[in-house]
Structure formats: structure tokens, C-alpha cells
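> Would you mind keeping the following structure in view while I ask a few things?
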Amino acid sequence: MDYATGKGWHNARIVPYGQIEISPAAMVLHYGQAIFEGMKAFRTADNRIVVYRPLDHLNRFNHSADILSIPQMDVNVLHDGLKKLIEIDKEWVPKSLGTSLYIRPFVISTDPFVGVKVADQYTVFIILSPVGAYYASGFKPVAIKVEEHFVRAVKGGLGEAKTPANYAASLKAAEVAKKEGYTQVLWLDALEQKYIEEVGTMNIFFKIDNEIITPALNGSILNGITRRSVLAVAKDWGMKVSERRISIEEVYEAHEQGRLQEVFGSGTAAVISPVGELSWKGRKITINNNEIGETSQKLFDYITDIQQGRVADKFGWTGEMAKL
Ligand code: PMP
């Protein structure tokens, strides 16, 4: 679907996957006015195809659009388009456990124009691709480096948008961390490098004294859909849950005092990713003996059971897209 100033969104169409033609002067290539989403479709045991929290993802897409000065889209039109695409591609929704059909909506600015300004022309795409299980080699804890040199997003910046610029800003730190043997970095706030923000592609949770704590949304971290699910499920289980500022010192102190029980990330790709080791300023700590914590395992099992239709979806999170 395309957009032009004065005309609005128009020309919604479904075409076979292939190359696209774009001007070398297309504004997105130079000024980065772009946003995207990532969501998944699953085949349920009773042969339905469901997408996990599709409207939440599409509403976040519009929120990202707003932050990047991209025109708002009609969520119902996007949802209908997605449904049609899934109907066409439904045989591609993988059957085996943990696999899914990945859905990537994105918008780019297309005007051929050299000069920084808000663009007048855009195209929104939705591409789909089967993906294998995230934990192909088993569900196990990861080691994470607490970043102390680079920063990802500043207050008042783009951090809350799902925009390529945030990922570009994270590459150098991730490259260094990988060379040092870590899977991802844990970002601290850009101003003081003190308060915890999020992981490369996940939000982060700490279980301290049986309380589930995650950094409060502050404009510079992504409002994760899985994060929302974790908060809702933990609350529903009667656990104490808080969204607040939490410093890296507090986490290390809780560990020293034997009160840090679990650390885990949340995101569409992994659902839940237990963290077995943190390293901050060269100080490594091992969490829960580098084993999967009880809450991490329970959350992973329950949320994936909802996604794949093995338990009743009492939160109404799965949107049916097609029947087989
Ligand atoms: N933070 C960042 C920077 C991410 O890229 C992601 C993945 N989309 C998340 C958090 C988790 O968000 P969600 O649960 O919506 O996938």
C-alpha cells in the first residue's frame, strides 16, 4: 500500500515476493525514515492459524509511525491485508513445535529527494517467512554483557519506536560483546549509565525476593508485546510485579545478598530467554547456577501453550487468521 501527501494511503495490493524498484535517491536510504514490526503466526493443535496479539503489534506499528513522522495507517486495513496474506500462505505455517510464520510489516519513505525533511511518499509492505524454532539447540540460559561504553537510545529520542536506526546504533556494541563470548548486551540509560533499560532485542526482568521487576517504560525502551504478556500472566498467577526504575547496582547488590533468583529476557523471537550470567565492569555473576529458573520455565511454557493453542487463551491474545 502506498501513501502520497494529499492522496493518503491507497493502492493496497498483494503481489508475489520479489525484488522492488526504488530510486537511489529514495529518502529512506539517506535519512532512515522507516519503521517495522515483528510478529508470528502459529498452527494450533486443532488446525487453526493464529497470530499472537496482532492488533497490539499493529497499534505499536502506528505508534512507531507517529514517532518517525510517518502518516498513521488504518489498523483494520492492515489486519485485513494480513489475514489475506496468511490465507494465501497458510500451507507455509510450519507444523513442528516452536516453528512459526514470521510476519514483518514495514514502512519506508520513497520520495526521490536529497535534503532532510519529512517525506511525502511512503510504501508499507508486509512480508512473511517460515522460521525455525528459536531454541533449536535447546532452551538454555544465555550470558549477557552489561554495556558500559555505548548507548542505544536517549530520553526524548527514538528508543520507543521500532525503527532501523535503533538497531544500527546497537551493532557496534553487539559485535564487541559477541567477540567477548556474550550473546547480547544489556543497555543502561544513556545519561547516567546506571539504570537498566533493555537487552538488544528483548525486554528484561529480574526476580528478586519473589517479586518480578522490569524497568518502567520511559520513552527510550521498546514497549514489548511479550513484556506486556509476562506482566499480565505473572499478575494473574498472584505474583508481586513491579515496573519501576532499577539500577544495575541494585541487581548486583541483590545477588551478593542471595536475593536475586532469576533474570530473563522477553521478546517475540525467544518468548522467554533465561539469563545465566551477567558481566558488568568485568564483574561476572552467575544467576541461579546458570540453570533455567522456575518462573522463566513456567512463563515460557504457558505463553507458548497459549500461542500454539494447547491451553485456553483466557486473555484473548491469539487472533484467528485462517482455518486449515
Ligand atoms: N526491545 C527491543 C529493542 C526489541 O527489538 C524487541 C523485539 N521486538 C523487544 C524489546 C521485545 O519486544 P516484543 O516482545 O514486542 O517482541
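> Listing TRP92, TRP280 from the residue with the fewest other Cβ atoms within 10 Å to the one with the most, what is the order? List each step's numbers first, then the result.
Working: TRP92 12, TRP280 18.
Arranged by neighbour count, lowest to highest, TRP92, TRP280 become TRP92, TRP280.
> Under a point spin-label approximation (7 Å from Cα along Cα-to-Cβ), what is the HIS10-GLU87 distance to one decimal in nm?
Distance between the two pseudo-spin positions: 2.5 nm.
> Here is a follow-up. Tell me the GluC sites (Glu not before Pro) within the range 160-249 that lie in a loop according to DSSP and have at most 13 other beta-carbon atoms within 10 Å. Could the numbers behind the result be given before it?
Working: sites: GLU160, GLU175, GLU180, GLU192, GLU197, GLU198, GLU211, GLU243, GLU249; in loops: GLU160, GLU180, GLU192.
Listed in order of number, the matching sites are GLU180, GLU192.
> Evaluate the distance, in nm, between pseudo-label points positioned 7 Å from the Cα of PHE125 and of ALA232 along their respective Cα→Cβ axes.
So the label points at PHE125 and ALA232 sit 3.1 nm apart.
> Taking 2.2 N^0.38 Å as the expected size of a compact globular protein, what ratio does the Cα radius of gyration of the range 142-291 give against it, to two decimals? Please list the in-between numbers first.
Values: Rg = 14.3 Å, N = 150, 2.2 N^0.38 = 14.8 Å.
It is 0.97.
> Do any GluC sites (Glu not before Pro) in the range 264-324 lie in a DSSP loop with no more than 15 other beta carbon atoms within 10 Å, and if so, which?
GLU291
> More than 19 angstrom separation, counting every C-alpha pair in the range 1-89; what % is that? It would help to have the intermediate numbers written out before the result.
Values: 2045 of 3916 pairs.
Across the range 1-89, Cα pairs with separations above 19 Å total 52 percent.
> Right, next: Within the range 82-153, list the trypsin sites (Lys or Arg not before Pro) lying in a DSSP loop whose Cβ has at most 16 other Cβ atoms in a 10 Å radius. Walk me through the intermediate numbers first.
Working: sites: LYS83, LYS84, LYS90, LYS95, LYS117, LYS145, ARG152; in loops: LYS95, LYS117, ARG152.
Loop-located and lightly packed - LYS95, LYS117.
> Taking the alpha carbon gyration tensor of the range 1-149, what are the square roots of 5 times its eigenvalues, largest first, to the nearest whole Å?
Details: eigenvalues 183, 93, 40 Å².
Calculated on Cα positions only, the semi-axes equal 30, 22, 14 Å.
> A further question follows. If you average the sequence gap of Cα pairs under 8 Å that are 6 or more apart and divide by the length of the chain, what percent do you get for the contact order? Mind dumping the intermediate values first?
Numbers: 627 pairs, mean separation 66.5, N = 324.
Result for the chain is 21 percent.
> Can you bin the range 75-182 into rounded, prolate or oblate? Criterion: square roots of the alpha carbon gyration tensor eigenvalues sorted a ≥ b ≥ c, rounded for a/c under 1.5, prolate for a/b above b/c, oblate for the rest.
Values: a/c = 2.71, a/b = 1.05, b/c = 2.59.
Because a/c hits 1.5 or more and a/b fails to exceed b/c, the range 75-182 counts as oblate.
> Looking only at VAL311, VAL107, VAL51, which one moves most when the chain is put into a Gaussian network model with springs between Cα atoms under 10 Å?
VAL311
> What does the charge add up to near VAL199, with Lys and Arg as +1, Asp and Glu as -1, over the other residues with Cβ less than 12 Å from its Cβ?
On the way: positive: LYS145, ARG152, ARG227; negative: GLU147, GLU197, GLU198.
Taking every other residue near VAL199 into account, the sum is 0.
> Now for a different question. Taking only the alpha-carbon atoms of the chain, what semi-axes of the equivalent ellipsoid follow from 5 times the gyration tensor eigenvalues under a square root, in whole Å, largest first?
Numbers: eigenvalues 227, 133, 54 Å².
Each semi-axis is √(5λ); the values are 34, 26, 16 Å.
Bear in mind that the values in this text are calculations on the coordinates, not laboratory data. Predicted model only: the values in this text are computed from it and were never measured. With ideal geometry, Cβ positions are generated from the backbone for all residues, glycine too; neighbour counts draw on all protein chains shown.
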